[in-house]
């Protein structure tokens, strides 16, 4: 992987991790377009996902600090309840990761038709949010589990994690700002867990990607992730997800067309 390719893929990861257009789908399309083969080398994926975790922490550090302060309190409080809901929402994707990891990884093989089809599905889901009520309520344990199921389904390349979780939350009647906050914080647990597992399995030790491309990809993913996260919070609160639905429809249609024309 060249320096330029690592920067391009890092920017794609950072932007699309938070914007509702599927980071996994765009990374697959990017690898196909650039002719990059990284199926057996998870080091770059670990690094850029780590960068987006830091992007989330950089934006929500006050929220995270507040949650940790409440965690060490002796009484049952709102912080402990929120952390419990975050953990509860992670159960579905943890289940998929533990028991269906190989099946999921087999989907990341440059299948442009699958990515295009799932982008159309993401577009449909985002379109539904146009009809959600303007006023919403808080996240509950029930809605946290349903949102978590959406996150588990979003392991499919082409289904946006942020798009599916935020859209599901809005359709369940969750307040827009609360939906965005919960969506971005809930991803920390599975990504950190998956990265730690990949590192323990020796993924970084067997890296065939040079140190410079890894560092460049990390920086690109972090900077673009911070910008995209801030942008996405504003987009959700203003109810502008319909524009990303149109984008997903366009890119999905192009991907499907390219598959059949190839």
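The values are calculated or read from the model by the stated rules, or taken from the named source; none is laboratory data. Since we're looking at a predicted model, the values are computed, not measured. Note that each Cβ is placed from the backbone with ideal geometry, even for glycine, and that neighbours are counted across all protein chains shown.
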Q: Of all residues in the range 234-260, count the ones that are part of a helix (DSSP H, G or I) and surrounded by 19 or more Cβ atoms within 10 Å (Cβ to Cβ).
A: 8
Q: Identify the single condition in (1) crowded, with 17+ Cβ neighbours inside 10 Å; (2) in a helix (DSSP H, G or I); (3) modelled with pLDDT of 80 or more that residue 66 does not satisfy, given that it satisfies every other one.
A: (1)
Q) If a residue has to be at pLDDT 75 or above and more than 13 Å from the chain's Cα centre (by Cα) to count, how many in the range 1-27 make the cut? A) 10
Q: Can you confirm whether the range 106-120 contains a residue that is in contact with a helix residue (DSSP H, G or I) (Cβ under 9 Å, 6 or more places away or on another chain), free of Cβ contacts under 8 Å to residues at least 24 places away in the same chain and not in a loop (DSSP other than H, G, I, E, B)?
A: no
Q: Could you please let me know if residue 10 is surrounded by 14 or more Cβ atoms within 10 Å (Cβ to Cβ) and closer than 29 Å to residue 144 by Cα?
A: no
Q | Unmet requirement for residue 169, which otherwise passes all of (1) in contact with a strand residue (DSSP E or B) (Cβ under 6 Å, 6 or more places away or on another chain); (2) assigned to a helix (DSSP H, G or I) | A | (1)
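Results for (1) in a loop (DSSP other than H, G, I, E, B); (2) at pLDDT below 85; (3) within 20 Å of residue 14 (Cα to Cα), shown as yes or no for each residue.
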| site | (1), (2), (3) |
| --- | --- |
| 29 | no, yes, yes |
| 38 | yes, yes, yes |
| 41 | yes, yes, yes |
| 49 | no, yes, yes |
| 52 | no, no, yes |
Q) Restricting the first residue to the range 68-81 and requiring it to be within 20 Å of residue 139 (Cβ to Cβ), which pairs with a second residue that is assigned to a loop (DSSP other than H, G, I, E, B) meet a Cβ separation below 9 Å and a spacing of at least six or different chains? A) 70/77; 71/77; 79/73; 80/73
**Q.** Given (1) at pLDDT below 85; (2) within 18 Å of the chain's Cα centre (by Cα), index of the condition residue 75 fails
**A.** (2)
Q: Name the residue, out of 125, 87, that is surrounded by fewer than 15 Cβ atoms within 10 Å (Cβ to Cβ), at negative phi and assigned to a helix (DSSP H, G or I).
A: 87
Q) Can you tell me which residues in the range 90-105 are in a helix (DSSP H, G or I) and surrounded by fewer than 20 Cβ atoms within 10 Å (Cβ to Cβ)? A) 91, 94, 95, 96, 97, 98, 99, 101, 102, 103, 104, 105
